[in-house]
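What follows is a single structure, written as structure tokens, with notes after it.
Bear in mind that the values in this text are calculations on the coordinates, not laboratory data. None of the values given here were measured: they were computed from a predicted structure. FYI the Cβ positions are ideal-geometry reconstructions off the backbone, even for glycines, and counts take in every protein chain you see.
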Amino acid sequence: MLIYAYQDYIFVTDIDKGIHIIDNSNPSLPETIKFIEIPKNEDISVKDNFLYADSATDLLVFDISDIQNVSLVERLEDVFYIYNHDIPTEAQVVDYQNFNFENDIIVGWTLNTERRKKQEDNLVDVFFDGALANSAAESNVGTGGSLARFQIVDNYLYTVGDYQMAIFNIQNLSQPVLANTQYAGWNIETMFHVDNYLYLGSTNGMYIYSLENPSSPEYISEFTHWEGCDPVVVDGNYAYLTLRGGNECGQPESVLEVIDISDKHNPVLAARHQLENPYGLGIKDNMLFVCDGTAGLKLFNKANPLNITLIKSFENIESRDVIPLDDALILIGNNTLYQYQYLYNDIQLISTFLLN
């Protein structure tokens, strides 16, 4: 699950299924508004009451100005390339008893995929269960977590997946235009924006792109590490990466890496810290929040980025990603939404909300 905050709402993406919309006007008592079904959805982004979401190879645009009557206003078809690199289950098993090792060679397999258009009427069910007064409209962009693949910067929506970056001009919010697609790197998983740069996390490194030309981001450099699942956040002259090893992610070791990016053309490893099962992470002032999966949430003081110190661990929760907002920390894990208020070198639980 991924989380996204916009005005008084929290959106939780249930991967491949759709989006939970939660009224968070009272953080101590959040309430579900509705679940919007979006097949093959992974990520979203919102600007000025227009929500952008992927649905397999398509980009969808929803008008959420009236949260009780969300409407689909645009669909751009076949703008995303989806490459399924998983080996089919039937191709992973060989009948070795009947396999002739001297004469037979396994050379591969053939897959045939048929894509059918889903009827619009079945795609989105937007009849809401409860009543909610829409807050005053204001021009802003929402905030995603470190696992996000969508980023809105000014009049552009940037999206990444596998090896491709797709750039959409959203000057007309209800009618985005695909401005460009370009190679982004190998096996890109996440994207973070700050100070007119995009930082892409991949399974083998971090890529830095300049947005000096917003319709065609320019590759600046990359930092290479061993194979591992890799979200990244940036603060000042340092980037913070979590590398999760094991399973499909690569090496068995899991760590937090601190990268010196004062020279964008030559990022350098500055420090490394052992973790257990890391996913997302976030920054608020001198505090670094690290989701260590089944090992809970870890709080680090990063006043000295070269010597960050562990302050506290919350080991009784499973954490996947965080959004450090100005007034609260939002965390998602194990189908549960947690919210915390900030204390000095600590946080305190505001509410726990189990998603249906």
Checklist entry - Pulled fully out, how much extra length does the chain show between Val141 and Thr32, if you take 0.36 nm times their separation in residues and subtract their Cα-Cα distance? => result 37.1 nm
Item to check | Order of Val79, Val46 under a 10 Å beta carbon neighbour criterion, fewest first | outcome: Val79, Val46
Item to check | For the range 306-356, diffusion coefficient by Stokes-Einstein and Kirkwood Rh (Cα), 4 °C, 1.567 mPa s, µm²/s | outcome: 109 µm²/s
Next on the checklist: Checking the a/c ratio against 1.5 first, then a/b against b/c, what shape does the Cα gyration tensor give for the range 237-356?
Outcome noted: oblate
Checklist entry - Shape of the range 134-211 from its Cα gyration tensor (a ≥ b ≥ c, root eigenvalues): rounded if a/c is under 1.5, otherwise prolate when a/b > b/c, or oblate? => result prolate
Checklist entry - Can you put Val268, Val234 in order, fewest other beta carbons within 10 Å first? => result Val268, Val234
Checklist outcome for this item: Flagged as over-length at 25 Å C-alpha distance, from Lys264/Lys302; Lys47/Lys298; Lys34/Lys312; Lys47/Lys284; Lys264/Lys312, the pairs are Lys47/Lys298; Lys34/Lys312; Lys264/Lys312
Checklist outcome for this item: Exposure-ranked with fewest Cβ neighbours within 10 Å first, Tyr342, Tyr209 stand as Tyr342, Tyr209
